[in-house]
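Before I ask anything, let me first share the structure, which is written out below as structure tokens.
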Amino acid sequence: MYIELSDETGKVSPAIIEQTKKVLAFAASYIHLPESKEMAVTFVDNARSHELNLQYRDTDRPTDVISLEYKPDAEEIFFDEEMDIPEDLLEEMDPFIGGLYISIDKAAEQAEEFGHSIEREYGWLCVHGFLHINGYDHYDPEEEKEMFGLQEEILTAYGLTR
């Protein structure tokens, strides 16, 4: 999987950037995502997180990770309007799955609050957001159990334990 990383803050260490690439590639392999898929990760501060949270989720506060799932649209790929394009073909033609915005401020706050390393927190946020852009959610107890269970499996298998 190709992962485009950017750091709007200029404060993320090379070690965290490298870990982010590795943990996301591991998570993609773990859920059997095709290697052709692509995603983006942007590290932001709380001010930018707040702005994005308001824009995309209508929530007036910063948050730790914002996941923006991308689903291709047949009209964007310039097919004849009369054609019925299968969903799997659209996904194959457009490998981009979405993007994550991770607040470095929230990551630091939460690592301290939860008493674990900053590496664990960044790993948790990456995998959590990654699962969201791959269709997992936690809006009801059953979904939450599935998503959080898979998230912990991935982090443990990768080696980022509590």
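The values are calculated or read from the model by the stated rules, or taken from the named source; none is laboratory data. Worth saying up front: this structure is predicted, and the values here are computed from it rather than measured. So basically every Cβ, Gly included, is an ideal-geometry build from the backbone, and we count neighbours across all protein chains shown.
Mind listing just one residue for me: the one in the range 1-24 that is over 25 Å from GLU35 (Cβ atoms) and small (Gly, Ala, Ser) and, of those, surrounded by the most Cβ atoms within 10 Å (Cβ to Cβ)?
Among them, the one singled out is SER13.
Considering only residues that are under 16 Å from GLY135 (Cα atoms) and either touching a His at 6+ places or on another chain (Cβ under 8 Å) or free of Cβ contacts under 8 Å to residues at least 40 places away in the same chain (or both), which ones fall in the range 37-65?
VAL65
What's the total number of residues in the range 110-135 that are within 22 Å of GLY99 (Cα to Cα) and out of contact with any Asp or Glu (no Cβ under 7 Å at 6 or more places or on another chain)?
Qualifying residue count, the range 110-135: 15.
Any residue in the range 130-143 that's of a type outside the set (A, V, I, L, M, F, W, C): show its pairings with residues that are surrounded by 18 or more Cβ atoms within 10 Å (Cβ to Cβ) at Cβ separation under 7 Å, as long as the two are six or more apart or on different chains.
HIS132/SER67; ASN134/ILE97; TYR136/MET147; ASP137/MET147; HIS138/MET147
For a quick check of your reading of the model, give me the residue pairs whose first member lies in the range 7-36 and is closer than 16 Å to TYR122 by Cα and hydroxyl-bearing (Ser, Thr, Tyr), whose second is part of a loop (DSSP other than H, G, I, E, B) and modelled with pLDDT of 95 or more, with beta-carbon atoms closer than 7 Å and at least 6 apart or on different chains.
THR9/ASP45
Let me ask something else about it. Within the range 1-40, track down each residue that is over 13 Å from the mean Cα position of the chain (by Cα) and among the β-branched types (Val, Ile, Thr).
THR9, VAL12, ILE16, ILE17, ILE31, listed by residue number.
Here are some conditions: (1) farther than 26 Å from PHE148 by Cβ; (2) surrounded by fewer than 17 Cβ atoms within 10 Å (Cβ to Cβ). ARG48 meets all but one. Which one does it not meet?
(2)
If we scan the range 83-93, do we find a residue that is out of contact with any Pro (no Cβ under 6 Å at 6 or more places or on another chain) and modelled with pLDDT of 95 or more? Quick ask: steps written out before the conclusion?
At the first step, the residues of the range 83-93 found to be out of contact with any Pro (no Cβ under 6 Å at 6 or more places or on another chain) are 83-89, 91-93.
Checking the rest, the ones that are also modelled with pLDDT of 95 or more come to none.
No, that holds for no residue.
Search the range 25-45 for residues being within 23 Å of THR156 (Cα to Cα) and among the β-branched types (Val, Ile, Thr), and hand back the single one that is surrounded by the most Cβ atoms within 10 Å (Cβ to Cβ). Give the steps one after another, and end with the answer.
Step one: filter the range 25-45 for residues within 23 Å of THR156 (Cα to Cα), giving 25-35, 39, 41.
Those still in the list that are among the β-branched types (Val, Ile, Thr) too: 31, 41.
Working: ILE31: 13, VAL41: 22.
Only one residue tops the list, namely VAL41.
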